Amino acid sequence: MLPIKHTLFLVSGVSSFIIFYMGIVNFLTSVEQSTGMILLIFSVFVATGTLLGTVYISKSITKPIEKLAQSMTEFSKTNKMSNKNQIKTNVKEIFELNENFESMGEKVERTIEVQNEYVQKLKDMDRKKLEFSSMVSHELKTPLVPILGYVQMLQKDNFLGELNEKQLDAVNEIYTSTIKLQRLVGDILTTQKLDLGKLDFNEEQVSVSELINSVIKEFKPSADVKKILLTHDYKGNTNIITDKDRINQVFSNLIKNAIDFVPENTGKITIGVKEDPVNVEFFVKDNGTGISLINQNEIFKKFYQIDTSASRKRSGSGLGLAICKGIVEGLGGKIWVESEENVQTTFFFKIPKKPIKITIKNNSEKKSEINI
């Protein structure tokens, strides 16, 4: 696409050449030499005038238009008026266009400044809200420790006195509810730390084989209660440098979900590992009810529940998968799900074999590089 200046000079140049050429032709073919000379001189004046007129138009019209277009381009990129009052022209329309553009630009600048101030205030409010929620969650966790301790004492035979069957059932119910509450508070606290960018990650050498075996050992009793087959698919001996506790936390959330959603007696859960030169890819596969495509796009959001009815059978805060996502991304990896309704579901998460430098961005928009 040609600039207007080049187009203008091209047209005027061609026009001037044609006029001058016609003058020479008339001079050479004219019967009377004086008449031919007059036509030649006239054509020279007209051609020269055309060129001079083009130069004048270029200075008074095309250059201001180019500057205005440049200012608009810069403004669209920076949202700032960097070339105020630099365009000079005697053409009324261009002058008014430039004035209107500058006025509009100043209004947009002011609007953006006000918007940025409001955005910053909202971010500060969100940060304070998260910090307050984190503090409340931590304070809620503190009294649960003695409650759980005394309940466990009551469960022991004759430790604090003998309990009858009804009293023992009540104590067991208190214990179960306390564990659920403790897990919920822990999930909320972990979520708040992830949102604030304050969740700590440690480095240690981890044997993938030992990690898988420990996960199987931890959850086999829960699987056996429902007669679920819990197996693993890994025969390697790879070592990775990562946070073992956080990986266990991810496995814990994924396997607990799988145990809840697979059928009793015929349920099957498989834990596996795939490798490439840089990453290790873990997966948890089950033959449960499956997840619809719509829910697959939402399940990693905080507090999202697939079953939101009042009569839903499975309890949970809806934070487990959001925590998994935050941990895996904090370790420099990614997590995703593949599922077919009423057939099977597989959760994958991939992490690097060695720690990498990543940038964590919390809600206060303060970036920090950490070595994970």
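The conditions are (1) open to solvent by less than 20 Å² (accessible area, probe 1.4 Å); (2) part of a loop (DSSP other than H, G, I, E, B), and Thr266 fails exactly one of them. Which is it?
Evaluating Thr266 over (1) open to solvent by less than 20 Å² (accessible area, probe 1.4 Å); (2) part of a loop (DSSP other than H, G, I, E, B) leaves (1) as the failure.
List every residue pair whose Cβ atoms lie under 7 Å apart, where the two residues are 6 or more positions apart in sequence or sit on different chains, the first residue falls within the range 138-152 and is of a type in the set (Val, Ile, Thr), and the second residue, located anywhere, is open to solvent by less than 80 Å² (accessible area, probe 1.4 Å).
Ile147/Thr178; Val151/Val171; Val151/Tyr175; Val151/Thr178
When you scan the range 237-256, how many residues do you find that are assigned to a loop (DSSP other than H, G, I, E, B) and open to solvent by 30 Å² or more (accessible area, probe 1.4 Å)? Walk me through how you get there before you give the answer.
Residues of the range 237-256 assigned to a loop (DSSP other than H, G, I, E, B): 237-238, 243.
Retained after the next criterion (residues that are open to solvent by 30 Å² or more (accessible area, probe 1.4 Å)): 237.
Count: 1.
Please work out which one of (1) among the aromatic types (Phe, Trp, Tyr); (2) in a helix (DSSP H, G or I); (3) in contact with a Gly (Cβ under 8 Å, 6 or more places away or on another chain) is the condition Phe283 fails and give its number.
Failing condition for Phe283: (2).
Condition check ((1) open to solvent by less than 90 Å² (accessible area, probe 1.4 Å); (2) farther than 22 Å from Leu321 by Cα) across all residues:
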{"position": "Gln115", "(1), (2)": "no, yes"}
{"position": "Leu144", "(1), (2)": "yes, yes"}
{"position": "Asn158", "(1), (2)": "no, yes"}
{"position": "Lys198", "(1), (2)": "no, no"}
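Any residue at all in the range 246-259 that's farther than 23 Å from Lys193 by Cβ and touching a Gly at 6+ places or on another chain (Cβ under 8 Å)?
In the first step, residues of the range 246-259 are kept if they are farther than 23 Å from Lys193 by Cβ; the result is 258-259.
Checking the rest, the ones that are also touching a Gly at 6+ places or on another chain (Cβ under 8 Å) come to 258-259.
Checking the range 246-259: at least one residue is farther than 23 Å from Lys193 by Cβ and touching a Gly at 6+ places or on another chain (Cβ under 8 Å).
Using beta carbons and a limit of 6 Å, which pairs, at least six apart or on different chains, have the first residue in the range 48-73 and closer than 30 Å to Tyr21 by Cα and modelled with pLDDT under 70 and the second one in a helix (DSSP H, G or I) and open to solvent by less than 70 Å² (accessible area, probe 1.4 Å)?
Listed pairs, sorted by first residue: Ser58/Lys5.
Based on what the data block shows, is Val280 farther than 22 Å from Lys354 by Cα, open to solvent by less than 10 Å² (accessible area, probe 1.4 Å) and of a type in the set (Val, Ile, Thr)?
no
Among the residues of the range 305-318, are any modelled with pLDDT under 90 and in contact with a Ser or Thr (Cβ under 6 Å, 6 or more places away or on another chain)?
Looking through the range 305-318, none of the residues is modelled with pLDDT under 90 and in contact with a Ser or Thr (Cβ under 6 Å, 6 or more places away or on another chain).
Residue-wise test of (1) out of contact with any helix residue (DSSP H, G or I) (no Cβ under 7 Å at 6 or more places or on another chain); (2) open to solvent by 50 Å² or more (accessible area, probe 1.4 Å).
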{"position": "Ile174", "(1), (2)": "no, yes"}
{"position": "Ser177", "(1), (2)": "yes, yes"}
{"position": "Leu189", "(1), (2)": "no, no"}
{"position": "Gln205", "(1), (2)": "yes, yes"}
{"position": "Lys226", "(1), (2)": "no, no"}
{"position": "Asp233", "(1), (2)": "yes, yes"}
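The values are calculated or read from the model by the stated rules, or taken from the named source; none is laboratory data. All figures in this text were calculated on a predicted structure; none of them were measured in a lab. Positions of Cβ are generated from backbone atoms using ideal geometry, with glycine treated the same way; all protein chains shown enter the neighbour counts. Quick note on the areas: whole protein, heavy atoms, side chains included, nothing else; ligands and nucleic acids left out. Shrake-Rupley method; radii C 1.70, N 1.55, O 1.52, S 1.80 Å.
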